[in-house]
Amino acid sequence: MSIVQIGHHCLKTQINITKGVLQGDPMSSTLFNLFMADLDVKMKQASVPQMMSFHTKLELNYLLFADDIILIAENRLYLQKLLNKVQDYFLENKLQVNENKTKIMIFKKGGLNRKLQREHFTIAGERLDRVKEYKYLGVTFHATGKFHATAKSIVNKAKQKIDAMWPTLMRAKFPKFKNVLLYLDSVILPKVMYSAQIWALDQTQILEQVQTHFLRKLLAIYPPRAANYFLRLELERSHILYRLFSLAIKFHHKLHIMQNFRLPKILLTVGVLRKSERDQNPTQLVEFIHADSK
């Protein structure tokens, strides 16, 4: 039973709730887990070749985090079969796919050719939209497999937030710069650095623009009057690279002590093996260093 109340006004008659659970009810996650418990069994039974990770026997055709499902396939036929398999599973368990939030993204260097552009995918008879970018677990992925555009988007949003809050910060008349910098460290940078130790190790120069923008407004110094390093020296700030490097070390330590069967640990092992192979091949090593220096 529930009663709706807005201010001093409320409904006299109660509303009977006969479907679903209350928002925030701990039973919600338990019920969801029960309904999705055998999804892994069904996906393994799918007659679709799975993608094999480099140097491992690990085979994948989907990723699952809470109610977010990612289907992975090497071509259109395999992906459509996986979509059909998921739809059949949902029908069996009285679940419903949200077609509006279900998108298709094809990862390919150099863009899509005409054949790929004409391909389409369906689920429950509904044609799915194909997109060039998609936000998954708070991180925007692009069809190119690069995160340059993601970093720029985060920087632009952070700058807008700083500009919107700046009049309020100035009216507060804080006695010291460190009081204003606390807003940068506790509100702005945590959002900018979200999962950055995974995807932004080569995007530090772009992310640093957020801190530079804040420091220039704080000191009222704008280009070309002072170099960026001068701003950091004046306010005893470190480049955002050091913050990111610290997060990366902690993350890799966490992976190092993780059980060997966990997917993040397996992928780290793969990365180390591939790096080792590049080190053994001088030509590939030079190409690798040249690519990282760009």
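The values are calculated or read from the model by the stated rules, or taken from the named source; none is laboratory data. From a predicted model like this one, the values you see are computed outputs, not experimental measurements. Neighbour counts run over all protein chains shown; Cβ positions are idealised from the backbone, glycine included. What goes into the accessible areas is simple: the full protein's heavy atoms, side chains included, and nothing from ligands, DNA or RNA. Shrake-Rupley method; radii C 1.70, N 1.55, O 1.52, S 1.80 Å.
Details
- Annotation for segment 187-200: at least one member residue is farther than 26 Å from Gly271 by Cβ, buried (at least 17 other Cβ atoms within 10 Å of the Cβ) and in contact (Cβ under 8 Å) with a residue 24 or more places away in the chain.
- Positions within segment 123-157 being farther than 19 Å from Leu201 by Cα, over 14 Å from the mean Cα position of the chain (by Cα) and open to solvent by 60 Å² or more (accessible area, probe 1.4 Å), in sequence order: Gly125, Glu126, Arg127, Asp129, Arg130, Lys132, Lys157
- Check on Leu184, within 26 Å of Trp166 (Cα to Cα), in contact with a Phe, Trp or Tyr (Cβ under 6 Å, 6 or more places away or on another chain) and open to solvent by less than 30 Å² (accessible area, probe 1.4 Å): yes
- Taken over segment 22-49, the residue count meeting the criterion of being open to solvent by 70 Å² or more (accessible area, probe 1.4 Å) and aliphatic (A, V, I, L, M) is 5.
- Those helices (runs of 4 or more DSSP H) of segment 160-244 in which 1 or more residues are under 24 Å from the mean Cα position of the chain (by Cα), closer than 30 Å to Tyr136 by Cβ and of a type in the set (Val, Ile, Thr) occupy 189-192, 196-199, 204-219.
- Test: residue in segment 235-246 that is surrounded by 13 or more Cβ atoms within 10 Å (Cβ to Cβ), closer than 30 Å to Lys135 by Cβ and touching a residue at least 60 places away in the same chain (Cβ under 8 Å): no
- Val41 falls short on exactly one of the conditions (1) within 18 Å of Glu126 (Cα to Cα); (2) assigned to a helix (DSSP H, G or I), and that condition is (1).
- Selection from segment 238-261 of residues that are in contact with a helix residue (DSSP H, G or I) (Cβ under 7 Å, 6 or more places away or on another chain) and farther than 17 Å from Leu201 by Cα: Met258, Gln259
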